[in-house]
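Visitor: Let me begin by handing over the structure; questions about it come next.
Nothing in this text is a laboratory measurement; each read-out follows from the coordinates by a stated rule. Every value quoted in this text rests on a predicted model; they were computed, and no experiment measured them. Note that each Cβ is placed from the backbone with ideal geometry, even for glycine, and that neighbours are counted across all protein chains shown.
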Amino acid sequence: MSANYPWMRPRRRGLSFFCVIGSFSCLAILAIWYGMNSDRDYIHPILTQLLPAGHCACQTSTTFQCSTCVSCSESSTLQLSASPSWKFQYPRDARNEALDQTQCQAAFQGLFEDIARGERYWRAHDGGLVTDDLDDITIQPGMVRAFISQGHLHVVTARAKGEDHRRKILGVLSSIHRALAADRDRASRRDIEFVFSVEDKVEDVTNAHHPAWVFARTPTEEGVWLMPDFSFWAWDNPQNYIGPFDQVVDRIKRVDLPWDEKTPQLVWRGKPSFAPKLRRALIEAARDKPWGDVKQIDWDTGSNVLRMEDHCRYMFIAHVEGRSYSASLKYRQACKSVIVAHKLQYIQHHHYLLVASGPNQNYVEVERDFSNLAEKIEPLVADTDLAHRIATNSVKTFRERYLTAAAEACYWRALFDGYGSVWNSSVNPWSDRTGKERGLRYESFILLESPKMFEFTADTAMSGYA
Ligand SMILES: *[C@@H]1O[C@H](CO)[C@@H](O)[C@H](O)[C@H]1NC(C)=O
């Protein structure tokens, strides 16, 4: 055969073949790198196709067997004992962090699905959940080991890589403390010990079969327990004051327009490079559409930046996951608008309440590649009464019920109880080895200077005490 190609000896031919493949790979890698990191408005569709799905656009998405959790429950027996005369009333009860257990169950049916799931998982686990299961978890930056003893919160170990971690950790500890402080049965609570992570993803810090408390999980991450995220307590960026979630809701309610005055368009602002495949798909699907107002933010120039409350001026608000769950969903749900989300891959504690169809529909679900976005939006733009109903359901379900401070506190205590029901070890607040307390009380932990919170272990931190 080489005789037919006298200009190319076999060895050389092999070499040039390698070169061609090599250059192609280099070009492809460069193109993909560009596609994933560019924030330019337009990149060629072939390039968007090429982008690897990576961590943010897998085929799987959260699908709940019980798709209408607003109208069904985790079959709790407590349901039956709830006083029939008491009903949750938004204006009266939303800020009440001290609802009792039967009131919580009556008010927030369907909110405790993931806790019930965690209980089933750990009940089936040999011996239940024990101290050894916690000892197996390496405490990475962004993680805390803590315990509740006689209704008080104690911090054993805390690690933070920076301010972001430290502030999220304080948010979680404070939320736990608030839920405990509002509990009239606080002193008789079952003692539990646990580990939580404030990282975006389970796989960033731990293994999905460990019993860590996390903000979000994928459907296959079954050992972990979901907790409400840090921003219910408060979240602020250096250039951007946000505040406690219920305060954001107040601010939004003050400026939320009457439905008829809202713009009948779909709004989205963000940085495509956070989740290029998903976000570019949205940008493409809405490009040049009369109902589309989808733009990318340039934080350097400040162009296209839209304040949170200004999103409420639109009838439709798109929601896209980032590198993991996006804590912004609940801010969008604070507007009386229609949330349009792709099939979600990460579950947060309140996602079980999302209903995509039927009379209780409270958001619009589209495919992960946004291929049916136009098909779903256009009938709603044409018939805004239907859209109004979905927006009303969203407000009733989320802003005025499952995202209230009352619901958040109920969820925390249900988590303590659910986790406590499978926790099969004792919690010793005293270390016999060191002859000191094993944990630092929350009240003292928040008084530490910031640098001392970054690599905190109660053992060494408390060695100064007599
Ligand atoms: C709790 O642990 C003990 C062993 O320490 C075991 O015998 C028992 O079955 C466990 N309980 C549950 C509910 O798994």
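Visitor: Multiply the residue separation of Leu257 and Ala116 by 0.36 nm, subtract the distance between their alpha-carbon atoms, and state the gained length in nm to one decimal.
Guide: Once the chain is fully extended between Leu257 and Ala116, it gains 46.9 nm.
Visitor: Say a paramagnetic label sat at a point 7 Å from the Cα of Gln150, along Cα to Cβ; which residues of region 164-182 have their backbone N under 11 Å from it?
Guide: none
Visitor: A further question follows. Under a plain spin-label model, where a point goes 7 Å from the Cα along Cα-to-Cβ, how far apart in nm are Gln239 and Ala181?
Guide: So the label points at Gln239 and Ala181 sit 3.4 nm apart.
Visitor: Could you list the chymotrypsin sites (Phe, Trp or Tyr not before Pro) in region 238-326 that lie in coil according to DSSP, counting only those with at most 14 other Cβ atoms within 10 Å of their Cβ?
Guide: Trp299
Visitor: Right, here's the next one. Can you divide the C-alpha Rg of region 339-412 by 2.2 N^0.38 Å and report the result to two decimal places?
Guide: Numbers: Rg = 13.5 Å, N = 74, 2.2 N^0.38 = 11.3 Å.
For region 339-412, the normalised Cα radius of gyration comes out at 1.20.
Visitor: Another question, if that's okay. Please give the Cα centre distance for region 136-153 versus region 352-412, rounded to the nearest Å.
Guide: One Cα centre to the other: 35 Å.
Visitor: A follow-up question, please. For region 216-305, rounded, prolate or oblate, judged on the Cα gyration tensor with a ≥ b ≥ c (square roots of eigenvalues), a/c < 1.5 rounded, else prolate if a/b > b/c?
Guide: oblate
Visitor: Show me, for region 195-204, the HN-Hα J-couplings you get by feeding each phi into the Karplus relation (A = 6.51, B = -1.76, C = 1.60, θ = phi - 60°), rounded to Hz, glycine and proline as x.
Guide: Along region 195-204, the couplings run 10, 10, 10, 9, 6, 5, 10, 4, 5, 5 Hz.
Visitor: If I model a spin label as a point 7 Å beyond the Cα along the Cα-Cβ vector, how far apart are those points for Glu203 and Asp126 in nm?
Guide: Here the answer is 2.8 nm between the modelled labels.
Visitor: Could you sort 428-436, 390-398, 98-106 so that the peptide with the highest average Cβ count within 10 Å comes first and the rest follow in order? Display every interim value, and only then the final one.
Guide: On the way: 428-436: 11.7, 390-398: 20.7, 98-106: 18.6.
Listed from highest to lowest mean packing, they are 390-398, 98-106, 428-436.
Visitor: When the Karplus curve 6.51 cos²θ - 1.76 cosθ + 1.60 is applied with θ = phi - 60°, which whole-Hz ³J(HN,Hα) does each residue of region 99-106 get, with x for Gly and Pro?
Guide: Listing the rounded values in order: 4, 7, 4, 6, 5, 4, 5, 6 Hz.
Visitor: If I take R0 = 30 Å and measure r between the Cβ atoms of Glu222 and Ala382 in this structure, what FRET efficiency does the formula 1/(1 + (r/R0)^6) give, to the nearest 0.05? Each step should come with its number before you reach the end.
Guide: Numbers: r = 42 Å, r/R0 = 1.41.
Efficiency, from the Cβ-Cβ distance: 0.10.
Visitor: Sort the following peptides by mean Cβ neighbour count (other Cβ atoms within 10 Å, averaged over residues), highest first: 360-366, 127-133. Please report the intermediate quantities before stating the final value.
Guide: Values: 360-366: 20.3, 127-133: 16.1.
Highest-to-lowest ranking by the protection proxy: 360-366, 127-133.
Visitor: Report, to two decimal places, the Cα Rg of region 239-406 normalised by 2.2 N^0.38 Å (N = number of residues).
Guide: Output field value: 0.96.
Visitor: Give me the log10 of I(q) over I(0) for region 375-415 at q = 0.23, 0.25, 0.26 Å⁻¹, as the Debye formula computes it from C-alpha points; what are the numbers?
Guide: Values returned for q = 0.23, 0.25, 0.26 Å⁻¹ are -0.71, -0.77, -0.80.
Visitor: List the residues whose amide H sits under 5 Å from the amide H of Ser431, counting only those 5 or more places along or on another chain, with H placed 1.01 Å from N in the peptide plane.
Guide: The answer is Lys436, Glu437, Arg438.
Visitor: Report the label-to-label distance for Ser85 and Ile446 in nanometres (one decimal), using points 7 Å from each Cα along the Cα→Cβ vector.
Guide: Output for this residue pair reads 3.7 nm.
Visitor: Please give me the summed charge of the neighbours of Ala409: other residues whose Cβ is under 13 Å from its Cβ, Lys and Arg +1, Asp and Glu -1.
Guide: For residues surrounding Ala409, the net value is -2.
Visitor: Compute the signed sum of charges (Lys and Arg +1, Asp and Glu -1) over the other residues within less than 12 Å, Cβ to Cβ, of Asp229.
Guide: Values: positive: Lys168, Lys330; negative: Glu199, Asp200, Glu408.
After counting each charged neighbour, the total is -1.
Visitor: What residues qualify as long-range amide H neighbours of Asn424, i.e. H under 5 Å apart, gap of 5 or more or another chain, H built at 1.01 Å from N?
Guide: Hits under the 5 Å cutoff: Leu129, Val130.
Visitor: Find, among the trypsin sites (Lys or Arg not before Pro) in region 187-295, those assigned to loop by DSSP (not H, G, I, E, B) with at most 11 other beta-carbon atoms within 10 angstrom.
Guide: Details: sites: Arg189, Arg190, Lys201, Arg217, Arg251, Lys253, Arg254, Lys262, Arg269, Lys277, Arg279, Arg280, Arg287, Lys295; in loops: Arg189, Arg190, Lys201, Lys262, Arg287.
For trypsin sites (Lys or Arg not before Pro) across region 187-295 that sit outside H, G, I, E and B with at most 11 neighbouring Cβ atoms in 10 Å, the list reads Arg287.
Visitor: Can you figure out the FRET efficiency of Thr392 with Trp430, using R₀ = 41 Å and their beta-carbon distance, to the nearest 0.05?
Guide: That pair, Thr392 with Trp430, gives E of 0.15.
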